[in-house]
Amino acid sequence: MADSKKAHETIAVMTELVLPNDTNVYNNLRGGKILHWMDMAAAISAQKHSNAQVVTASVDSVSFKNPIRIGTVVTIHSKVTRSFKSSMEVFLEVWAENIPERKKYKSNEAYYTFVAIDDFGRPTPVPELIPETEDEKKQYDGAKRRRELRLILSGKMKPEESVDLKALFFKDIKDILAK
């Protein structure tokens, strides 16, 4: 395992053309198809960071802002925003482009979490992530709170065990001490 990697080393860009078998009855890209493409791009970023096989651990809420029509070119940008012991948070942006009409728009964005695994399917340590730009530092700082929220919502962490999110779950310190 390397000691650290920079966020820009984890960038992955994936481009797909929306074909008839990718669409629903309204000729829009099926949600499951875009989620599949997003998972693939995010996994590539996570593998670049960890130098290991990875498995999807969670997908944050994904809202579709704009439909993507048949014949549109979809470009997915992904990058690791933070690493923990064996897990990595990956941020994705999905852009749609109608080339003949010269229209490009953002369809959606999301955070995916991956766990690096060894040859026996067990979690394995990953390198530390070093953010460099202001945007990378902002994403990095927010990743800890997003991780705690994911763990609380999945039942893997109790709200009172949270470091950064206690204020969302408890009115004041008296509530925490009373438990």
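Close amide H partners of Glu128, meaning residues 5 or more places away or on another chain with modelled amide H under 5 Å apart, are Ser4, Lys5. Among bridges DSSP assigns within the range 4-130, what percent are antiparallel (round to 5)? Among the beta bridges of the range 4-130, antiparallel pairing accounts for roughly 90 percent. In the chain, excluding the sites themselves, the longest stretch lacking any of the chymotrypsin sites (Phe, Trp or Tyr not before Pro) that are in a DSSP loop with at most 14 other Cβ atoms within 10 Å is 121-179. When the charge dipole of the chain is built from unit charges on Cβ atoms (+1 for Lys and Arg, -1 for Asp and Glu) and taken about the Cα centre, the candidate among Trp95, Thr133, Met14 whose Cα reaches farthest toward its positive end is Trp95.
Annotation for the range 1-66 versus the range 78-103: alpha-carbon center distance of 7 Å. For the chain, the dipole from Cβ point charges (+1 on Lys and Arg, -1 on Asp and Glu) about the Cα centre works out to 440 debye, to the nearest 20. Our Cα-only numbers for the range 4-130 put the radius of gyration and Dmax at 15.5, 50 Å.
Qualifying GluC sites (Glu not before Pro) in the range 62-114, where qualification requires a DSSP coil assignment and no more than 12 other C-beta atoms within 10 Å, comprise Glu101.
Bear in mind that the values in this text are calculations on the coordinates, not laboratory data. Treat the numbers as computed from the prediction; the structure is a model and nothing was measured. Every residue, glycine among them, receives a Cβ derived from its backbone with ideal geometry; neighbour counts consider all protein chains shown.
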